[in-house]
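Some notes on the structure that comes next.
The values are calculated or read from the model by the stated rules, or taken from the named source; none is laboratory data. Note that this is a predicted model, so its numbers are computed, not measured. Cβ atoms come from the backbone with ideal geometry, glycine included; neighbour counts cover every protein chain shown.
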Amino acid sequence: MKRQVIRPRRLRRTAAIRGLVRETRLSPEQLIYPMFAAAGSNRATEIEAIPGQFRWPIDGLCEEAGRAYERGVKSVLIFGIPESKDEMGSGAYDPKGVVQEAVRALKRALPDLTVMTDVCLCQYTSHGHCGVVDESGCVMNDPTLELLARTAVSHAAAGADVAAPSDMMDGRVGAIREALDESEFENVAVMSYAAKYASAFYGPFREAAESAPAFGDRKSYQMDPANQREALKEVALDIEQGADIVMVKPALAYLDVIQLVRQRFDVPVAAYNVSGEYAMVKAAAGNGWLDEKAVVLEILTAIRRAGADMIITYFAKEAADWLKKSI
């Protein structure tokens with residue numbers, strides 16, 4: 001009897017067959033579009049370090065979110081750029097702050113859009129750190145928690161569906177969950193930046209949000225890029241405190257962490273395809289060194305394959321177009 005020949009290529013022969021056996025699926029509904037709302041602005045200004053992304057006035061933000069929604073991207077993550085800053089980051093929890101006004105406008109314009117809000121102080125503090133600092137410049141953990149909780153409640157009161165704390169203070173998920181529940185916003189979810197690394201890939205974002213620290217760095221509260229087990233500890237703590245979704249940030253250089261979190265925990269996992277990852281692709285594609293569409297879809301598929309249920313990406317709108325055309 002002739003020996004059977006195993007030929008895996010049989011299932012790669014046509015696009016239709018490849019589609020039937022594809023293990024990882026990517027769709028626009030799994031993408032979250034990060035956007036910047038700028039106070040006091042009446043026109044969109046392009047962010048040089050994140051080509052194709054803008055600081056939006058609120059009406060322009062709604063229009064752009066609508067364009068993404070029409071393409072199938074049903075969720076946005078809003079960052080605020082205030083007109084002024086102070087040591088306590090009071091613009092973050094001002095009921096009439098830029099994010100709060102943006103959320104109200106988005107919910108009026110697009111009631112079914114899922115609006116997520118970044119909960120942090122760094123864009124609003126004069127020193128650029130994610131919390132209150134003492135006289136020596138040390139970021140104080142517990143005094144910051146109250147302000148983060150106030151911020152989350154103010155976002156919920158404006159209509160936010162998901163509060164996303166990115167500060168990396170210990171105990172902030174519990175403080176936010178308790179404050180939301182006490183304010184009768186028990187249906188507002190918390191998506192924690194659970195494993196957020198002190199990454200060099202954030203450079204373009206800091207230009208976009210004007211949030212670079214005025215002194216020191218964030219390594220005393222964001223995670224060491226060399227650590228993997230610590231990420232599992234951070235995720236476990238956030239779930240215990242009430243996180244509904246946990247996030248790994250950045251995504252591309254931390255696929256191993258995404259995979260470990262997915263294997264260990266039975267909660268939705270988000271991954272942030274951050275500004276530096278975006279900017280590298282844009283620069284290479286702009287020089288003709290890469291096929292932007294092919295590379296972006298490969299990157300996003302890899303993030304999904306590692307275990308992310310949802311991906312925050314500046315490529316959301318373009319990727320949605322490419323995905324719909326490939327169906």
Legend entry - Among the candidates D118, D112, D86, residue that is in contact with a Phe, Trp or Tyr (Cβ under 9 Å, 6 or more places away or on another chain), surrounded by fewer than 18 Cβ atoms within 10 Å (Cβ to Cβ) and closer than 21 Å to A152 by Cβ: D86
Inset, instruction - Only one of these is out of contact with any Lys or Arg (no Cβ under 9 Å at 6 or more places or on another chain), within 28 Å of Y254 (Cα to Cα) and not aromatic (F, W, Y): V190, V132, V173, V119. Name it. - result: V173
Inset, instruction - Filter the stretch 91-137 down to residues that are among the basic types (K, R) and within 14 Å of A65 (Cα to Cα) and give me whichever is farthest from the chain's Cα centre (by Cα). - result: R108
Inset, instruction - Being outside any strand (DSSP E or B) and closer than 21 Å to E277 by Cβ is the filter here, so list the residues in the stretch 13-50 that pass it. - result: T24, L26, S27, P28, Q30, I47, E48, A49, I50
Inset, instruction - State the number of residues belonging to the stretch 1-54 that are touching a residue at least 12 places away in the same chain (Cβ under 8 Å), acidic (D, E) and in contact with a strand residue (DSSP E or B) (Cβ under 9 Å, 6 or more places away or on another chain). - result: 1
Inset, instruction - Kindly establish whether S192 is under 16 Å from M247 (Cα atoms), surrounded by 18 or more Cβ atoms within 10 Å (Cβ to Cβ), at pLDDT 95 or above and of a type in the set (S, T, N, Q). - result: yes
Inset, instruction - Return the only residue of R3, R67, R71 being loosely packed, with under 11 Cβ neighbours inside 10 Å and farther than 20 Å from G97 by Cβ. - result: R3
Inset, instruction - Say whether the condition of being touching a Phe, Trp or Tyr at 6+ places or on another chain (Cβ under 9 Å), closer than 28 Å to K233 by Cα and at pLDDT 95 or above is met by at least one residue in the stretch 177-185. - result: yes
Legend entry - Near pairs, Cβ below 9 angstrom, 6+ apart or cross-chain, from the stretch 271-287 (under 12 Å from A200 (Cα atoms)) to any residue that is buried (at least 22 other Cβ atoms within 10 Å of the Cβ) and of a type in the set (S, T, N, Q): V274/T313; S275/Q53; E277/T313
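Conditions (1) of a type in the set (S, T, Y); (2) assigned to a helix (DSSP H, G or I), marked per residue:
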| site | (1), (2) |
| --- | --- |
| S84 | yes, no |
| V99 | no, yes |
| G131 | no, no |
| E135 | no, no |
| P143 | no, yes |
| R150 | no, yes |
| H155 | no, yes |
| I176 | no, yes |
Inset, instruction - Output the residues belonging to the stretch 300-310 that are of a type in the set (V, I, T) and buried (at least 22 other Cβ atoms within 10 Å of the Cβ). - result: I303
Inset, instruction - Tell me, please, whether a residue that is within 16 Å of the chain's Cα centre (by Cα), touching a residue at least 40 places away in the same chain (Cβ under 8 Å) and surrounded by 23 or more Cβ atoms within 10 Å (Cβ to Cβ) can be found in the stretch 138-154. - result: no
Legend entry - Residue within the stretch 231-246 that is of a type outside the set (A, V, I, L, M), at pLDDT 95 or above and in contact with a Gly (Cβ under 6 Å, 6 or more places away or on another chain) present: yes
Inset, instruction - Six or more apart or on different chains, Cβ under 8 Å: which pairs go from a residue in the stretch 300-327 that's on the phi > 0 side of the Ramachandran plot to one that's crowded, with 22+ Cβ neighbours inside 10 Å and assigned to a helix (DSSP H, G or I)? Could you list them? - result: G307/I258; G307/V261
Inset, instruction - Just give me the residues in the stretch 243-264 being of a type outside the set (D, E, K, R) and either touching a Cys at 6+ places or on another chain (Cβ under 6 Å) or surrounded by fewer than 17 Cβ atoms within 10 Å (Cβ to Cβ) (or both), in sequence order. - result: A253, Q259, Q263
Inset, instruction - Scan (1) more than 20 Å from I81 (Cα to Cα); (2) under 20 Å from the mean Cα position of the chain (by Cα); (3) of a type in the set (A, V, I, L, M); (4) surrounded by fewer than 24 Cβ atoms within 10 Å (Cβ to Cβ) for the single condition A175 breaks and write down its number. - result: (2)
Inset, instruction - Starting from residues that are among the aliphatic types (A, V, I, L, M) and in a helix (DSSP H, G or I), keep the ones in the stretch 101-117 and report whichever is farthest from S41 (Cα to Cα). - result: A109
